[in-house]
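The values are calculated or read from the model by the stated rules, or taken from the named source; none is laboratory data. What you see is a predicted model, and the numbers here were worked out from it, not measured in a lab. Counting neighbours? That spans all protein chains shown, and the Cβs are built from the backbone with ideal geometry, glycine included.
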Amino acid sequence: MKRLTTRLLAGVIVCAANSTLFPNCSAQLAFFTVPYDATLYLAPLGGDAGAVTEFGLGTSPANAVSIFTGLPGNPIPPGEVEIGFFAAGTALDFYEKTDWGGTLWAFSADTVSDASRCAFMDLDNSLGYGGSIVEQISLTTWTLHLDDAGSYTFDDDDNDVLIQLRLAPIPEPTNAMLVVGNGLLLLAGVRRRRVQRLT
């Protein structure tokens, strides 16, 4: 799968100030907010669903950008996918499209419909994360414990589709330059002292 770029996804995932682009965006908190400048990677981790689900970025069928199909049992692509660079504070919203007696949709930005609430929330707090299905594994990785979009008609066990979200931090250029600059100054000082000792 070709790398998805930030330019393609920016309008899809950020519920930004431009309400003409996203008239249905509300002022709610984002499903996931990127905590630092980073490259985003997503990977399928399995799950227990009997239905087949597509997963991607988006807030409606009109702007959905597919990342994985065939979830959870036969994910395509089967491994980690680089999505692109995202600045700190970027809001990410996801969707699921599930084939379960028809096509059913769920969106992390939708806090009203039964399908979306069941898929992207832990309504009975069985995971113990205060109603969230986002588990932080480390400073750079999270697991999404999703129900599929048809689960609201069957159960709410937060294990139909598991997705790993990984962030590879990108240091700010100024900080990187300071580190390199300080290293060069230190090296120059060591060389100067060596020359002075020899003379």
Filter the range 22-55 down to the residues that are modelled with pLDDT of 95 or more, surrounded by 15 or more Cβ atoms within 10 Å (Cβ to Cβ) and closer than 23 Å to I170 by Cβ and list them by number. F32, V34, Y36, D37, A38, T39, L40, Y41, L42, A43
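I'd like the residue in the range 92-116 that is surrounded by fewer than 17 Cβ atoms within 10 Å (Cβ to Cβ) and not polar (S, T, N, Q) and, out of all such residues, is nearest to V161 (Cα to Cα). Lay out the reasoning, then the answer.
Initially, the range 92-116 is screened for residues surrounded by fewer than 17 Cβ atoms within 10 Å (Cβ to Cβ), giving 99, 101-103, 111-114.
In the following step, the residues that additionally are not polar (S, T, N, Q) were identified as 99, 101-102, 112, 114.
On the way: D99: 13, G101: 18, G102: 18, V112: 21, D114: 17 Å.
Per the stated criteria, the residue is D99.
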In the range 118-148, how many residues are touching a strand residue (DSSP E or B) at 6+ places or on another chain (Cβ under 6 Å), crowded, with 21+ Cβ neighbours inside 10 Å and either of a type in the set (D, E, K, R) or part of a loop (DSSP other than H, G, I, E, B) (or both)? 2
Tell me the residue from A106, A115, A91 that is touching a residue at least 60 places away in the same chain (Cβ under 8 Å) and touching a strand residue (DSSP E or B) at 6+ places or on another chain (Cβ under 7 Å), please. A91
For the range 146-165, indicate whether the set of residues that are more than 23 Å from the chain's Cα centre (by Cα) and modelled with pLDDT under 85 is non-empty. yes
